Amino acid sequence: MVTIGSGLHAATSADVVILGGGVAGYALALALRAAETDGHASTATVDAPTPRRRARRIVVVASGAQIRRLRVDDALPDAAATLLRRLGLDPADYRPIDDGSAVRVTHAAWSLPQLTSHVFDFGVPDAHRARPIARRRLLDALEARARAVGIHVWTDTRLRTAVASGSGAQAIPDDWRLVLEQPHGDVHVRARFVVDATGRRMRFAQMQGAQRLRDDHAVIAWRALPRADVATLARLPPIVAEGDDGRGRPPGARWIEAVPTGWWASAPAVEDPDRLVIAQLTDADQLRTGDGDPRLAARQWRSALRATIYTCARWRRTRDADGDHASAPVRIADASVGRLDRLSGPRWLAVGSAAATFDPLAASGLFEALRGGLLAADAVRAHLAGAPDALARYAHAVGARHEQHVRTRALIYGAVTRFASCRFWSRRIAADAVASPTPAPRPPAAQPVPVVFSAGSWSGIVAPGS
């Protein structure tokens, strides 16, 4: 018998298996553990379960494939502090050390061509008071907290197969038989409930026939570039922008610039402020990818960048502009808005970006992951306790949140009237304006020109799935 994880073996069972070691998955696991202590996931504080109750065996399967790359927009609104504390964490521990209390500043050339202070309100509480968060430290703390309260965390583990088991041809299986791949061999797990928290890959949901319904085919093309040396910066004229120091360096500042083919974002990387992350958001059929040639793709990306005003001014303050990093590759990731056509099924549900994805402009990925994890924990707990409609109510809530986001996006993108006739903008205004007021499957859009994506997904400005 091969010992794996935290004392489990090659043939084992679990009450809940959570596939994916991101923010949403860990939040769900910790909220489930909290419910065993206080009786309700949405109000409990995580602690060890009381001795009088049998603790659920909860397993988080972390593939180890999460791309913890530099990010522009890892931030949480003040409203998220309550969610983190319910999971036993102090949000102040995950803010950049040199900027632990500053509110992230956003400047945007959006409805007007001038760069001004801006808040993109997508219905996230306290969106105007979002503070930088060091996501890597947050993920590490979530994992450590999970282990501390008796949750089994298996790293370097991937789902191979999933088969529902039960008596006869009943519609609801008794449990799931999972085969998980680990470096030393396969592990067989019998699970009462399975959660898909695998991000945009939605690995388990796809096995059940679920499909992603896309509201658009947006992609993000980005690069993380070291800043120019002090002598170069001194030769450049200051950038005129409210709150800026002339070098684009206010901690946590994000710049958004609308262009006919989409928009550009730039900001210091949260966990490495000496690097500037510059990202282009556009549709897949409007992105020039160099026909597979990385150097040509980088030149085409810079060519599009030079057509901007404020983003280009920031770029000229990096070493890429003087040729030092001219060959740095352009990374491309899926940035589409959408959701699963089926958010749950017999003894399973999807959470985080496996369930629904939001516009990167909202920069709400971390908050949506935390909130979604807590909501999913309530649904799983109620379902295992015998509530017949728990999963349906969860699916309706996630679908309603997605519809609200899409409608809000129509208003925000519709404010850019100067580009209303351009394909990128007209697609969003027209598609979003006819969104159904109730959650309903929407037909997939026409397939775009094929683009090779990186392994990650998108949340914020540069981020993998939660």
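The values are calculated or read from the model by the stated rules, or taken from the named source; none is laboratory data. None of these values were measured; they are calculated from a predicted model. All Cβ positions, even for glycine, are placed from backbone atoms using ideal geometry, and neighbour counts span all protein chains on display. Side chains included, ligands, DNA and RNA excluded: accessible areas come from the protein's heavy atoms. Shrake-Rupley method; radii C 1.70, N 1.55, O 1.52, S 1.80 Å.
Here are the numbers for the structure shown:
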quantity: Förster radius 30 Å - calculated FRET efficiency between A307 and A415 (Cβ-Cβ, nearest 0.05); calculated: 0.90
quantity: R407 paired with R299, simple spin-label distance in nm, labels 7 Å along Cα-to-beta-carbon; calculated: 4.9
quantity: Difference of contour (0.36 nm per residue) and Cα-Cα distance, A81 to A430; calculated: 122.0 nm
quantity: For the stretch 98-155: rounded, prolate or oblate by the Cα gyration tensor [a/c cutoff 1.5]; calculated: prolate
quantity: Distance in nm between pseudo-label sites at A387 and S111 (7 Å out along the Cβ direction from Cα); calculated: 4.0
quantity: Segment V163-D274, extension gain: residue separation times 0.36 nm, minus the distance between their alpha carbons; calculated: 35.1 nm
quantity: Rounded FRET efficiency, nearest 0.05, which uses the C-beta distance separating D285 from D186 and R0 of 30 Å; calculated: 0.15
quantity: Portion, in percent, of the accessible area of the stretch 364-405 that falls on carbon or sulfur, probe 1.4 Å; calculated: 62
quantity: Area of L32 that stays accessible when all protein chains are in place (1.4 Å probe, Å², to 10); calculated: 0
quantity: Sorted peptide list for 133-144, 346-357, criterion being average Cβ within 10 angstrom, highest first; calculated: 346-357, 133-144
